[in-house]
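For reference, the structure is listed below as structure tokens.
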């Protein structure tokens, strides 16, 4: 419930009518669409609600319908021409379109006031403001208090000099950067846009939309990772919204049937109460069915709470897997990026605990970090798999954010960082091409002093080959079995695929060449993902693209034949006395288990060894002993068939990404003497 004075303020706004002195305010927070869904414009809704409830004269302001997604620039300009002042909330995914809308808007209506805020506004903004003179004023850090002060002063531009947390180019050409306003310590000073009806109008006007909720339970980050702008923006201290308010917001999500919530906290689980919050969301889903999913950034260095919160979310089906974002496991690199105060042991222990509890995890690594070499990166991947990460490692390319420490030219020079401008492409995103648009770009790191360009390409190729063989599950069982019986490292086996002789292993060599070409393309400013018009018309990770293409081209059998010979040769070099029939069986089993479209029959795979039990125990983090125990693995491929190739691409390969759900569920039956003749 709103306090009486705030409810009265909202009533005044509604009753204000057409006062001649009303200030028309436009707000713009353009987000990318995701699988046909759009984000509620949370940041600008905070500004609007704060003004409407904290202004001594809220009826003075008339807010235009918010712009919340990419549309034609000319249409956006036309929608904003009636405004006296327009505020843009900007980040990497909307920086250029926001600037272009503002430029055209200023050209069409020179007297309009343009305000930019959000993480994309540089902390040291003089060059940015001089290059973009369509911006009248920039707001830094938290914007609620400053935006209200700005509106109260409007249209008096002389008052800007007394506004905290703003920067601008003055009429005489001088640059002004005022000290930041103090952060809000009691976040409940900021009214909830959900509970105060800020989204009612936009949802009523766009009933066809499927909405994603952006949600904060706290603000701030105590860590100062150099690639991130979170810690630098909030100076460490974590502030909190009230728990009762958060529970009511969860109720709102359920009432409005919001399926997906993205939590904007830097470290969910850092507060003791986060366990209670997770439990409340889980209980709300159990009672109402909503929200369907809650995505959070896991906290660091808080092993028990991180475990409890993520276990609660996982048990409730609110996540597809627990993210363990170590970014690197090399101490030299961790020191360079100021993450050496974050315990790797925490991540390793969480990985082991979740694995034993059958909670899927995925690990984040960033390619191209300062100090990281090909050797240290590959060694880290091997270590993570050895520690039990068999579900997914997400190999992310390093992108420079403007307000991160890494964005400083001196920092980049120190580590020999080479960047290239690249279009921002969403994984599994559609190619949306409006006839009046500007593409968003990012600065990708494609080499460092420790990882020259050739090494970066080799590392990127290693990432894709590892994903294809191990995490896409195409060859995971043979790799695990070969490692188990010979002790050969995972990296040695994967590198053998990268070095396949084109004359003897043409298909593997062709895949490797494709990965190398894609890595070179990225270094030349190409897309991070592979666009396929034939396969859903989306951008695929290169490894998944190969998975789909092998299937589409009917080359799965040939792939397994070639890969089997290559692995056998690689393992034999380790020792010539190993029981290679075990690996042969592992290849047959893995081949049969990979989910394929148009399957017309069920399969039975006869094995001499209990490979299924061994593989499942390794994946579960349990002690695994290989037993000679004849069995038949029955594979049901027809009860839920896929006779539509595009549907298979979407539901198996795309949607299975985080969960690694690419295999059929096998059922093993022991072969007894009396049953031997039946198989």
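Summary of values
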read-out	value
Hits in region 360-374 (condition: farther than 30 Å from residue 316 by Cα and either modelled with pLDDT under 95 or over 21 Å from the mean Cα position of the chain (by Cα) (or both))	370, 371, 372, 373, 374
Residue that is within 20 Å of residue 195 (Cα to Cα), modelled with pLDDT of 95 or more and under 20 Å from the mean Cα position of the chain (by Cα), where the choices are 259, 244	259
Output for region 622-645, where each listed residue is assigned to a loop (DSSP other than H, G, I, E, B) and closer than 19 Å to residue 485 by Cβ	622, 623, 624, 625, 626, 627
Residue 209 vs. criteria modelled with pLDDT under 95, farther than 30 Å from residue 299 by Cα and surrounded by fewer than 20 Cβ atoms within 10 Å (Cβ to Cβ)	yes
Region 659-679, residues that are within 14 Å of residue 360 (Cβ to Cβ), part of a loop (DSSP other than H, G, I, E, B) and at pLDDT 70 or above	661, 662
Test: residue in region 301-316 that is in contact (Cβ under 8 Å) with a residue 40 or more places away in the chain, closer than 27 Å to residue 36 by Cα and assigned to a loop (DSSP other than H, G, I, E, B)	no
The listed residue being free of Cβ contacts under 8 Å to residues at least 40 places away in the same chain and more than 21 Å from the chain's Cα centre (by Cα), out of 345, 357	345
Residue match in region 380-390 (condition: under 26 Å from residue 441 (Cα atoms), crowded, with 19+ Cβ neighbours inside 10 Å and touching a helix residue (DSSP H, G or I) at 6+ places or on another chain (Cβ under 9 Å))	no
Total residues in region 126-149, condition over 16 Å from residue 160 (Cα atoms), assigned to a loop (DSSP other than H, G, I, E, B) and in contact (Cβ under 8 Å) with a residue 40 or more places away in the chain	2
Top-ranked residue in region 309-326 [being under 18 Å from residue 395 (Cβ atoms) and buried (at least 21 other Cβ atoms within 10 Å of the Cβ); ranked as farthest from the chain's Cα centre (by Cα)]	326
Failed criterion for residue 306 (all others in (1) at pLDDT below 95; (2) more than 30 Å from residue 443 (Cα to Cα); (3) over 23 Å from the mean Cα position of the chain (by Cα) hold)	(3)
Residue satisfying condition, being within 25 Å of residue 35 (Cα to Cα), part of a helix (DSSP H, G or I) and either touching a strand residue (DSSP E or B) at 6+ places or on another chain (Cβ under 6 Å) or modelled with pLDDT of 95 or more (or both), within set 477, 425, 511, 522	522
Strands (runs of 3 or more DSSP E) fully within region 10-118 counting 1 or more residues that are within 26 Å of the chain's Cα centre (by Cα) and under 29 Å from residue 218 (Cβ atoms)	23-31, 37-39, 67-69, 85-89, 113-117
Residue within region 367-386 that is touching a residue at least 24 places away in the same chain (Cβ under 8 Å) and closer than 25 Å to residue 103 by Cβ present	no
Selected residue [in contact with a strand residue (DSSP E or B) (Cβ under 7 Å, 6 or more places away or on another chain) and closer than 24 Å to residue 454 by Cβ] from 327, 351, 412	327
Test for residue 395: is it at pLDDT below 95, under 30 Å from residue 37 (Cβ atoms) and either buried (at least 19 other Cβ atoms within 10 Å of the Cβ) or in contact with a helix residue (DSSP H, G or I) (Cβ under 7 Å, 6 or more places away or on another chain) (or both)	no
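The values are calculated or read from the model by the stated rules, or taken from the named source; none is laboratory data. Computed from a prediction, not measured in an experiment: that's the story for all the values here. No Cβ is skipped: glycine too gets one built from the backbone with ideal geometry, and neighbour counts run over all protein chains shown.
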